[in-house]
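Enquirer: What follows is a structure written as structure tokens; I'll ask about it next.
The values are calculated or read from the model by the stated rules, or taken from the named source; none is laboratory data. Computed from a prediction, not measured in an experiment: that's the story for all the values here. For neighbour counting, all protein chains shown are included, and Cβ atoms are generated from backbone atoms with ideal geometry for every residue, glycine included.
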């Protein structure tokens, strides 16, 4: 086989493979969630986080769970990043499902990580790993397509065009919408991090099941409004920017509340 032909086949294979390995929120979105969380930590939680991570910020720690996908030793973490739901669930129905959920998914593993991080005897190495995972998974479940349908791999199989470039619904919400705003994670966090004390309190009192249901409802709308191969650009960005920003902000505020509870 000619080298040029081999390269073309390799690139085509990578193009088909990469969308199914998408990173929730991408690097930028996860860092925004981590940065907002860090800005909303209690003093006690901030001190404990520093003991565990040292000089590593929550923003930088937030992508560890995606970086280790390159190491086969961490293949078992794949199902930790999402939760699949059937269509048409009410909040009560979702609650009943989650109460019996024993599958390896973002919900069961987030619950596991919270419990483990409350253990004051947990070894430092485990504390670091589990905290990095917690930051990441909390971000994951605020990306609506990580609460999508199993049959289309959370939107990965729904092919679209973003400014005439081929993409899919999952990747669009993971990366492309966030990156289209052309802000660094610190600039984006500063632009979003404007909540009142009452708003923070209300959001941080919400159970994880509410986080999931909110994302799930958004994903249902995203599924319903699109046609396969649809061409999207400025109007889609305009119509969905407020939702995108609220999910990033809620992700950070919810994560801060969780860490304040764990380390309070």
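Enquirer: Name the residues in the range 77-93 that are part of a loop (DSSP other than H, G, I, E, B) and under 19 Å from residue 146 (Cβ atoms), would you? Before you say what the answer is, go through the steps one by one.
Expert: Initial filter on the range 77-93 (part of a loop (DSSP other than H, G, I, E, B)): 82-90.
Hits for the range 77-93 are 82, 83, 84, 85, 86, 87, 88, 89.
Enquirer: List every residue pair whose Cβ atoms lie under 7 Å apart, where the two residues are 6 or more positions apart in sequence or sit on different chains, the first residue falls within the range 110-127 and is free of Cβ contacts under 8 Å to residues at least 12 places away in the same chain, and the second residue, located anywhere, is not in a loop (DSSP other than H, G, I, E, B).
Expert: Listed by first residue and then by second, the contacts come to 122/116.
Enquirer: Touching a helix residue (DSSP H, G or I) at 6+ places or on another chain (Cβ under 8 Å), over 24 Å from residue 195 (Cβ atoms) and surrounded by fewer than 22 Cβ atoms within 10 Å (Cβ to Cβ): does that describe residue 60?
Expert: For residue 60, the condition - touching a helix residue (DSSP H, G or I) at 6+ places or on another chain (Cβ under 8 Å), over 24 Å from residue 195 (Cβ atoms) and surrounded by fewer than 22 Cβ atoms within 10 Å (Cβ to Cβ) - is not met.
Enquirer: Taking into account only those residues within the range 97-116 that are within 19 Å of residue 150 (Cα to Cα) and assigned to a helix (DSSP H, G or I), which is farthest from the chain's Cα centre (by Cα)? Step through it out loud before you land on a result.
Expert: Within the range 97-116, the first condition is being within 19 Å of residue 150 (Cα to Cα), and the residues that meet it are 97-98, 100-109.
After this cut, where a residue has to be assigned to a helix (DSSP H, G or I) as well, the list is 97-98, 106-109.
Details: 97: 21, 98: 19, 106: 10, 107: 12, 108: 15, 109: 14 Å.
Once the filter is applied, the top-ranked residue is 97.
Enquirer: Looking only at the range 228-262, filter to residues that are over 15 Å from residue 178 (Cβ atoms) and touching a strand residue (DSSP E or B) at 6+ places or on another chain (Cβ under 9 Å); which one of those is surrounded by the most Cβ atoms within 10 Å (Cβ to Cβ)?
Expert: 230
Enquirer: Enumerate the pairs (first residue in the range 222-234 and on the phi < 0 side of the Ramachandran plot and modelled with pLDDT under 95; second residue anywhere and surrounded by 10 or more Cβ atoms within 10 Å (Cβ to Cβ) and in a loop (DSSP other than H, G, I, E, B)) with beta-carbon separation below 8 Å, excluding pairs fewer than 6 apart on the same chain, so at least 6 apart or on different chains.
Expert: Sorted first by the residue in the range 222-234, then by its partner, the pairs are 228/158.
Enquirer: Follow-up. Go through the range 172-201 residue by residue and tally those that are outside any helix (DSSP H, G or I), under 16 Å from residue 238 (Cβ atoms) and in contact (Cβ under 8 Å) with a residue 24 or more places away in the chain. Give the steps one after another, and end with the answer.
Expert: Residues of the range 172-201 outside any helix (DSSP H, G or I): 180-184, 193-196.
Among the residues that remain, those that are also under 16 Å from residue 238 (Cβ atoms) are: 180-182.
Add one more test, that the residue is in contact (Cβ under 8 Å) with a residue 24 or more places away in the chain, and what stays is 180-181.
Matching residues across the range 172-201 total 2.
Enquirer: Residues being in a helix (DSSP H, G or I) and under 21 Å from residue 248 (Cα atoms): count how many of those fall in the range 50-76. Explain how you work it out, then say what you get.
Expert: So in the range 50-76, the residues in a helix (DSSP H, G or I) come out as 50-53, 58-61, 64-70, 72-76.
Next cut, under 21 Å from residue 248 (Cα atoms) only: 58-61, 64-67.
Residues in the range 50-76 being in a helix (DSSP H, G or I) and under 21 Å from residue 248 (Cα atoms): 8 in total.
Enquirer: Pull up the range 130-149, narrow it to residues that are outside any helix (DSSP H, G or I) and either without any contact (Cβ under 8 Å) to a residue 24 or more places away in the chain or surrounded by 24 or more Cβ atoms within 10 Å (Cβ to Cβ) (or both), then point me to the one that is farthest from the chain's Cα centre (by Cα).
Expert: Step one: of the range 130-149, the residues outside any helix (DSSP H, G or I) are 141-143, 148-149.
Of the ones still in play, those that are also either without any contact (Cβ under 8 Å) to a residue 24 or more places away in the chain or surrounded by 24 or more Cβ atoms within 10 Å (Cβ to Cβ) (or both) are 141-143, 148.
Working: 141: 5, 142: 5, 143: 5, 148: 12 Å.
In this case the residue turns out to be 148.
Enquirer: Can I ask one more? Yes or no: residue 188 over 16 Å from residue 31 (Cβ atoms) and either under 20 Å from the mean Cα position of the chain (by Cα) or modelled with pLDDT of 95 or more (or both)?
Expert: Details: over 16 Å from residue 31 (Cβ atoms): no; either under 20 Å from the mean Cα position of the chain (by Cα) or modelled with pLDDT of 95 or more (or both): yes.
Considered against the rule, which asks whether it is over 16 Å from residue 31 (Cβ atoms) and either under 20 Å from the mean Cα position of the chain (by Cα) or modelled with pLDDT of 95 or more (or both), residue 188 comes out as no.
Enquirer: Still on this structure, I have one more. Only one of (1) assigned to a loop (DSSP other than H, G, I, E, B); (2) under 27 Å from residue 178 (Cβ atoms); (3) at pLDDT 95 or above fails for residue 32. Which number is that?
Expert: Every condition holds for residue 32 apart from (1).
Enquirer: Can you say whether residue 206 is within 21 Å of the chain's Cα centre (by Cα), surrounded by 11 or more Cβ atoms within 10 Å (Cβ to Cβ) and either over 24 Å from residue 165 (Cα atoms) or in contact (Cβ under 8 Å) with a residue 24 or more places away in the chain (or both), as far as the supplied structure shows?
Expert: yes
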